[in-house]
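I have placed the structure first, in the form of structure tokens, so that the comments after it can refer back to it.
Just so it is clear, none of the values below were taken in a lab; they were calculated from the coordinates. None of the values given here were measured: they were computed from a predicted structure. Here the Cβ is made from the backbone with ideal geometry for all residues, glycine too, and neighbour counts use every protein chain on show.
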Amino acid sequence: MTTVLRGSRGADAAAAAPRWPVAAVAELFALPFADLMFRAQDVHRAHHPRNAVQLSTLISIKTGGCAEDCGYCPQAARHHTSVDSEAMLDVDAVVAAARAAKAAGASRFCMGAAWRGPKQRDLEPVLAMVRKVKALGLQTCATLGMLKDGQAEQLRDAGLDYYNHNLDTAPDFYGAIVSTRAYADRLDTLDRVRDAGLSVCCGGIVGMGESRQQRAGLVAQLANLDPYPESVPINHLVQVEGTPLHAALHGEAALDPLEFVRTIAVARITMPKALVRLSAGRRELGEPVQALCFLAGANSIFYGDRLLTTGNPDVDADRALFAKLGLSPLP
Ligand code: SAM
Ligand code: DTB
Ligand code: SF4
């Protein structure tokens with residue numbers, strides 16, 4: 001199985017042996033479940049406060065009509081889903097949503113756009129959003145697609161803390177999911193983000209029909225970035241009607257939830273200091289599986305009743321879950 005040996009430090013990373021060979025990550029996946037949980041919890045407690053989970057609220061600042069062909073995504077113009085193309089939200093609406101997220105207890109606000117990448121005229125209003133959201137005292141994150149030279153620096157100068165750009169899956173499964181951008185394009189954007197001094201938020205999706213070896217390949221790819229991402233969203237595929245992945249998996253067994261929990265645990269063990277985010281799919285996973293994910297070392301969630309275009313547990317449900325599990329928000 002291929003690992004693209006190129007992290008944020010480019011040639012240096014290519015020269016060195018990978019910190020996490022795919023085979024070593026696959027061995028973690030193969031551990032007896034209790035042993036894997038124990039190791040993940042051990043690593044977690046050595047690097048993070050116990051029973052504390054960071055809360056990030058998402059907003060879609062530009063929904064739908066995207067030119068790309070990511071097979072999982074309801075926002076691709078070529079997929080016939082119920083998501084229509086909308087205009088960009090105005091700055092005031094975004095700031096009002098950020099204020100509400102802060103009042104509800106979020107510490108980070110993440111602005112997402114359905115673009116291949118931002119054009120300069122699109123970036124200007126986003127910079128204004130970042131400045132104003134940052135001024136509210138929230139950590140800021142944006143996910144706008146591929147960045148060109150200079151754009152990460154503009155975002156940094158506006159006050160952006162994190163840039164989210166996912167690798168999505170293992171290099172050897174990627175071609176089955178996306179054709180309009182290459183794995184190397186994603187690594188290039190991650191280099192730009194890192195070189196501008198922004199924190200990196202980078203993860204992927206499981207449950208797209210990949211093998212366990214390919215899940216190990218994704219985690220190895222993330223863990224071998226040098227340095228590894230500060231924030232690692234692990235998404236469970238949300239199957240949306242009209243997307244190719246909804247059709248492809250129709251009638252096939254969905255991913256075993258315990259395999260999702262294993263993926264979280266392996267991310268925790270291989271990236272000890274990262275915030276590992278239990279991301280899309282929480283509503284479908286239900287409370288017991290989420291509890292196992294926290295046990296496996298997840299310490300961040302998306303908080304608020306919407307992700308970008310699909311649903312997420314509402315704030316009251318998450319407050320009840322946190323009370324039940326004795327969790328509190330990370331400041
Ligand atoms: N357009 C930008 C891009 O692709 O880089 C930013 C937004 S895009 C929606 C952000 C991420 O959301 C994707 O990289 C993917 O990992 C995740 N995502 C999109 N649709 C999803 C789905 N149906 N289930 C799980 N994760 C999904
Ligand atoms: C990430 O890894 N997951 C979020 C965020 N980064 C931008 C997006 C999940 C999207 C789920 C499908 C939707 O709501 O459209
Ligand atoms: Fe577009 Fe991003 Fe969706 Fe891909 S994941 S289709 S780039 S919005």
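For the reader, a short list of remarks on this structure follows.
- Note on the stretch 193-331: antiparallel DSSP beta bridges, both residues inside, total approximately 10 percent of the bridges counted.
- Contact order relative to length of the chain, as percent, for alpha carbon pairs under 8 angstrom and 6 or more apart: 25
- Prolate/oblate/rounded call for the chain, Cα gyration tensor, a/c under 1.5 rounded: rounded
- Pairs of Lys in the chain closer than 16 Å at Cα, counting only those 8 or more apart or on different chains: 4
- Over all other residues within a Cβ to Cβ distance under 12 Å of A176, the charged ones net out to -4, with Lys and Arg as +1 and Asp and Glu as -1.
- Full extension of the segment from L136 to R45, taken as 0.36 nm per residue of separation minus the current Cα-Cα distance, would add 29.7 nm.
- Ranking of F38, F29 by count of other Cβ atoms within 10 Å, fewest first: F38, F29
- Orphan Cys of the chain, criterion: no other Cys C-beta under 4.7 Å: C66, C201, C202, C293
- Residues considered: A265, A296, A104. Largest GNM mean-square fluctuation over the chain, using C-alpha springs under 10 Å, is found at A104.
- Secondary structure note: in the chain, about 5% of the DSSP beta bridges are antiparallel.
- Taking the chain as a Gaussian network of alpha-carbon nodes connected by springs under 10 Å, the highest mean-square fluctuation of the residues P21, P74, P233 belongs to P21.
- Overall, the stretch 93-201 carries a charge dipole of about 500 debye about its Cα centre when +1 sits on the Cβ of Lys and Arg and -1 on the Cβ of Asp and Glu, all other atoms neutral.
- Per-pair calculated FRET efficiency, R0 = 30 Å: K273 and D185 via Cβ, rounded to 0.05: 0.65
- For the stretch 144-182 and the stretch 79-103, distance of Cα centres in Å: 20
- Over all other residues within a Cβ to Cβ distance under 11 Å of L327, the charged ones net out to +2, with Lys and Arg as +1 and Asp and Glu as -1.
- Using Cβ point charges alone (K and R +1, D and E -1), the dipole size of the chain about the Cα centre works out to roughly 760 debye.
- Label-zone membership for the stretch 74-102, site E230, 7 angstrom Cα→C-beta point, backbone N under 16 Å: none
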